[in-house]
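Every number in this text was worked out from the coordinates using simple rules, so none of it is lab data. Because the structure is predicted, anything quoted here is derived from the model rather than measured. Neighbour counts are summed over all protein chains in view; Cβ atoms, including those assigned to glycine, are modelled from backbone coordinates with ideal geometry.
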Amino acid sequence: MAGVVIITGASSGIGAATARCLGADGWHVVAAARRADRLRDLVADIRAAGGSASAAAVDVTARADVVELVDAVVAERGSVDAFVANAGVMPLSRLDAGLVDEWDRMIDVNIRGLLHGIHAVLPHFRRRGAGHLVTVASIGAHEVSPTAAVYCGTKFAAWAITEGLRLESDSGIRVTTVSPGVVESELADTITDPTAAELMRTYRRAAIPPSAIGDAIAYALSQPAEVDVNEIVVRPVQQR
């Protein structure tokens, strides 16, 4: 077995695809998300394919719950070898739409959720002198588009936090940022602003399957202990 990996936001999209990919690669997958019913189906699929997996209902915005999850996994499995911080939301809108509650939700999930994961898992990594943190950021960490100012801001922050962790980390701890372009997912379904929703219909015409991102994460995790894949950008050929 490759080790024990916790994946947040595992109930759909990139998280679910990554869970299936790593389960097939021999990892014990702890699939974490809020939607427990979807996690049960995901775990059943991984096990039916010969993999090892368990589910954990958790909201990454609740710091104590994330700490409790990581500590419980370590107590049960002996270690956490990798943590994939994938949970994210994308309710895009123009700034003048004033959808402050949606901005707050993006900040809570996309930034605080990542920080909670780092806070929970880093002591275990440091104690062992090994571990791998993977952040799923976005192409939005590298460019800004209309209606995406706040979302891109959260992904810039995710990139910066992850890079800061890499620079601060002791030898043996590896850190990777994966920045997807347009991926087939439910992210756009959370958009309530009509202007942003219309722009997304055009923007998302060319999309790649979430398994492409799962494969990229699997590649980073599979490298020898002395190799740290710092960042991967994966997007459709048509996305320029």
Okay, helix-only estimate at 222 nm for the chain: each DSSP H run of n ≥ 4 adds -39500 (n - 2.57), divide by all residues, round to 500 deg cm²/dmol; what do you get? -14000 deg cm²/dmol
For helix 211-222, report the angle its Cα long axis makes with the longest principal axis of the Cα atoms of the chain; keep it between 0 and 90° and round to the nearest 10°. 40 degrees
Gaussian network model of the chain, Cα springs within a sub-10 Å range: biggest mean-square fluctuation belongs to which of Ala97, Ala158, Ala44? Ala97
Would you mind ranking Ile7, Ile14, Ile107 so that the residue whose beta carbon has the fewest other beta carbons within 10 Å leads the list? Ile107, Ile14, Ile7
Sparse-neighbourhood loop sites, GluC sites (Glu not before Pro) in the range 69-173 - DSSP loop, at most 14 other Cβ within 10 angstrom: Glu143
Could you list log10 I(q)/I(0) for the range 123-240 at q = 0.16, 0.22 Å⁻¹, which the Debye formula gives when each Cα is one point scatterer? -0.80, -1.25
Lys/Arg +1, Asp/Glu -1 at C-beta; the range 1-115 dipole; positive extreme among Val58, Ile14, Val70: Ile14
What full-extension length gain, to one decimal in nm, is calculated for Thr190 and Ala97 as 0.36 nm per residue of separation minus the Cα-Cα distance? 31.9 nm
If you wrap the chain's Cα atoms in a convex hull and average its projection over all directions, what's the area in nm²? 12.1 nm²
Using the Karplus curve 6.51 cos²θ - 1.76 cosθ + 1.60 with θ = phi - 60°, what ³J(HN,Hα) values do you get for each residue of the range 229-235, in whole Hz, with x for Gly and Pro? 7, 6, 7, 10, 10, 10, 8
With label points built 7 Å along Cα→Cβ from the Cα atoms of Ser79 and Ala36, find their separation and express it in nm. 3.1 nm
Choice from Ala85, Ala33, Ala62 with maximal GNM fluctuation in the chain (Cα, 10 Å cutoff): Ala62
Principal axis dimensions, largest first and in whole angstrom, of the range 50-90 by Cα: 32, 26, 17
To the nearest 20 debye, what charge dipole does the range 112-234 have about its Cα centre, counting +1 at the Cβ of each Lys and Arg and -1 at the Cβ of each Asp and Glu? 260 debye
Computed from the mean reciprocal separation of all distinct C-alpha pairs, what Kirkwood hydrodynamic radius does the range 15-142 have, in Å? 15.7 Å
Treating only Lys and Arg (+1) and Asp and Glu (-1) as charged, each at its beta carbon, one finds that the chain has a dipole about its Cα centre, in Debye to the nearest 20, of 280 debye
Output for the range 1-84 (equivalent-ellipsoid semi-axes, sqrt of 5λ from the C-alpha gyration tensor, Å, descending) is 18, 15, 10
